[in-house]
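To start, the structure under review is shown below, and the notes come after it.
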Amino acid sequence: MERNSPKRFIITLTYQLFISIPELAPHIENAVKRNRIILRKALEVQLKKLIIEPFKALGDTTDMPNRLIIIDGLDECINSDQESRVDKKYAEDQEAVQIRVLDLIRTLASHQLPLSFLILSRPEAWIKQHIESEPFEDLVEHVDLYEVGDHLKDVETFVKAELSRLGLDKEELVTGLVKRANGHMLYASTVIKHIDCPYDDPRTRLENILNDYSNSNPDLTHSTPFSSLYELYRQILRSCPEGNRSVMIDVLEAICAVPDCFDVGVGIHQAVGVFDHIVGRVPGAGMKAIRGLHAVLRSQTIEDDSVETFFIHRSFHEFLRDPCSSQEFHIDEEKGLRRLLLGCLHSMSFITLHRRVDEDHVRFALGSWSSLFSDWNGLLRGTQPDTAEYRVEVVEMVQKLLEIDLTACFVHTFTLDFAFRWKLRLSFLLCNDDRSNGIIISAYPGVYESNILVKSAISHVVASHNAAIVHVLQSHTLIANGWCTYFPGAVYEHLWKLSSRPEGWDSDRVVRALKTLRQASSDVFDSLMAAIEDESQEQRADMVRADEEYQSVRTLIASIQDNVCVSG
């Protein structure tokens, strides 16, 4: 889960209140016991059941000490599970999510609970407008941090201490960096990280930054609030050897292309090593190319990390995506997605049922290929017209898909422990045998309607997916050893689709395999059914489908559990 995802907001807040207010803890615990799926409900429902009602159960809270809740970086909160790769849609999602978080806070404040909030954020236009609107009028006090305190002095103190540590405490260097930072701690801290380099002279690096500024394009250095920082980013990137820049940009494109594939604690050396394998680079070439970017890239993912993964600050990601700011260092996310997707499909082409898949890059390919496919296709649709060139690219990709033993790939995916390093990012849309399949979900209708190859690829994916489900259900050794979190959802999605055609239930291979499993191992069967029920409740809580659709699936599941023949 990501720190900047709104879906964790109420749960995180509840946990902190549970820990810090002992008398509140039993009421929160009872709320969870009464409604086991409350953690999957809408945020507004969670707010009422997990915080407001437990506080009300305490009665008079007038004498209770006030708790301060700090919301840091509201402007970085995004709905990463539904994030669009098209800039306009991304901005719309971001705005809606941040306003929703503000409304949740306002609701809490309106109940006069012993809670106060400190909200820290960049003054994005929609945040400023919403928080200054009438519903917040009597609840909020606005403070511009640049109008209070002595931020210039704070930066100067930091710069003096850090340059002294590096043996660079000469007055002209301190004065030059303080002037350049102009009160922005992020700028100063990024410079310090850049010059604190084990394989280069810190003084030379600092002087290059201070001297290069005078040669910068004045139109760029004064065009945005982050202009000075962006100029610093360009200087950092230009400090990398020219011979490595092409690979450096490739690696940055890969990091941007797969923002949520890495588990907590995965190091950048490990991730870039996987990228090297996937795209066919010489091992170690990727890390060599980005060695000089330690000021803007962190060494590993951290707990509850943000969507930017290895970027120390979100502004560097924004800089890379903006061609006007990044200039020759602008990244092309479509190229990054396409490069990784081709590499994943190539790695999967060697997979068989009996081959071990211990290598990191193979596991990465298994866990990520379908999301890469969907993301790549969606990005193409958002940035390119429906041209012959576009169709050629789609056809090339699905041709490679047809050459893969996807049944073997899905079997390994269903039974591997992906929590080891990589997040599993398969889409349930793979179960669909029409234009809503994950492969072409974002493709132009014409690509699906007119191309037999695309339809063949979808049939290949669906048939392989179903065959893999049957194989795992029939392989008692495999299923007895457990399954990944995706497998019960995959079975459920198949049953949901099947539930609309009652006449085909008894002849369906997955249904027959489930009934056989029930007879052979009732404990394993019951465990799987419980996991499938959890998946059903989760989707129902998220209102993915209508109630009557869930009832249809439950009828089918009941017939399997009772071993009833439904069709004649």
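Residue pairs whose Cβ atoms lie under 7 Å apart, separated by 6 or more positions or on different chains, with the first residue in the stretch 186-200 and of a type in the set (D, E) and the second in a helix (DSSP H, G or I), are D196/P202.
With respect to the stated conditions, D562 fails to be closer than 22 Å to R36 by Cβ, modelled with pLDDT of 65 or more and out of contact with any helix residue (DSSP H, G or I) (no Cβ under 8 Å at 6 or more places or on another chain).
Residue under question is W369, and the condition is that it be surrounded by 23 or more Cβ atoms within 10 Å (Cβ to Cβ), assigned to a helix (DSSP H, G or I), modelled with pLDDT of 85 or more and among the hydrophobic types (A, V, I, L, M, F, W, C); does it hold? Steps first, please.
Values: surrounded by 23 or more Cβ atoms within 10 Å (Cβ to Cβ): yes; assigned to a helix (DSSP H, G or I): yes; modelled with pLDDT of 85 or more: yes; among the hydrophobic types (A, V, I, L, M, F, W, C): yes.
So W369 fits the description; yes.
Residue-level check: of (1) at pLDDT 90 or above; (2) under 17 Å from H277 (Cα atoms), Q327 misses just (2). Of the candidates A530, A541, the single residue that is at pLDDT below 70 and either under 21 Å from D506 (Cβ atoms) or among the aliphatic types (A, V, I, L, M) (or both) is A541. Restricting K193, K160 to those that are closer than 22 Å to V296 by Cα and touching a helix residue (DSSP H, G or I) at 6+ places or on another chain (Cβ under 8 Å) reduces the list to K160. The lone criterion from (1) open to solvent by 10 Å² or more (accessible area, probe 1.4 Å); (2) at pLDDT 80 or above; (3) more than 30 Å from S521 (Cα to Cα) left unmet by G446 is number (2). In the stretch 391-430, of all residues being at pLDDT below 90 and among the aromatic types (F, W, Y), the one that is nearest to H460 (Cα to Cα) corresponds to F428.
The values are calculated or read from the model by the stated rules, or taken from the named source; none is laboratory data. Here the structure is a predicted model, which is why all the values come from computation and not from measurement. Don't worry about glycine lacking a Cβ; one is built from the backbone with ideal geometry, like all the others, and counts go over all protein chains shown. Accessible surface areas use protein heavy atoms only, side chains included; no ligands, DNA or RNA. Shrake-Rupley method; radii C 1.70, N 1.55, O 1.52, S 1.80 Å.
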